[in-house]
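The values are calculated or read from the model by the stated rules, or taken from the named source; none is laboratory data. These numbers were taken from a predicted model, which means no experiment stands behind them. Please note: Cβ atoms are built from the backbone with ideal geometry, for glycine as well, and neighbour counts cover all protein chains shown.
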Amino acid sequence: MIKLNLKKAIVFFDIEATGLHVIRDRIIQLGMIKYDIGSEDGVEMNLLINPGYVPISPEAFEVHGISSKDLANKPTFGQVAQKIFDFIGDADLAGYNSDRFDVPMLMEEFARNGFDFNLKNRKTIDVQKIFYKMEPRTLGAAYKFYCDKTLDMAHDALADVRATAEVLQGQIDRYAGVAYDDGKTIQQNPIQDNVEALSAFTSNSQSLDVTQRLRYDSQGEVVFNFGKYVGKPVAKTLYEDRAYFDWIQKKEFGVQVKQITRELLTAYEANLGK
């Protein structure tokens, strides 16, 4: 149960995967809870997914304990993609460490199967960022700290996502009216019972994509945040170096990075023709 002042539905979700590479690895378990406007009780969905030819790394197995044998007769992501896409709909998204892992991995899986799943009209809340900013610890510790409960099934996707939703409610209750001081500025009451405030607090306003490859500079221009052109304007650079543009489109960059760079280059070319 969670009490959020919602303007539209929100989906809490958690992913277990074959490994930690958001592009090369694959989802093997997806747990979700969807909360609609006016409802404190969420609708749950829990799926085990066959990753196909991608093996489960020993390190990942040590974390979640899901083996290839457990997934042998389960559907591939492509076979359940429509079901997942429809369940999420246009909802906002929330998770634990979701900005760095769960969101980009889900986007890649959708893109790989021909679904246009983007963040343009969604708010995202990374509950870990609230926790790390206010009380730096792990999900298990967060659950104990905010909910005074022990997380017995850590790294089971649905158990983790249930705990994440409860932790957020605990954070909202604990930090009502509490200011955040990062040593430079003070934010008054950043933890509120609405998605806009929580998304603003947990999002990096300087980054354009969830993998943080592109960012705004001090003048508000989109620049590279990696590679040989770090700090250089993206649109102008890609117009002058088409080989670099082609390299980005073909290499293991997130679908969001590829889409944004295409849009920036198209807009730059259009402005030159005016």
Revision key, fill the gap. With the first residue restricted to the stretch 181-204 and required to be at pLDDT 85 or above, and the second required to be basic (Lys, Arg), Cβ contacts under 6 Å at 6 or more apart or on different chains are 195/123; 199/123; 202/129
Exercise for review: Only one of these is at pLDDT 95 or above and either touching a strand residue (DSSP E or B) at 6+ places or on another chain (Cβ under 9 Å) or surrounded by 15 or more Cβ atoms within 10 Å (Cβ to Cβ) (or both): 102, 41, 86, 90. Name it.
Suggested key: 102
Review point. Can you tell me how many residues in the stretch 245-274 are of a type in the set (Ser, Thr, Tyr) and crowded, with 16+ Cβ neighbours inside 10 Å?
Key: 2
**Study point:** Candidate set from the stretch 120-162 (those that are part of a helix (DSSP H, G or I), touching a helix residue (DSSP H, G or I) at 6+ places or on another chain (Cβ under 6 Å) and in contact (Cβ under 8 Å) with a residue 60 or more places away in the chain); member that is farthest from residue 181 (Cα to Cα)
**Key:** 127
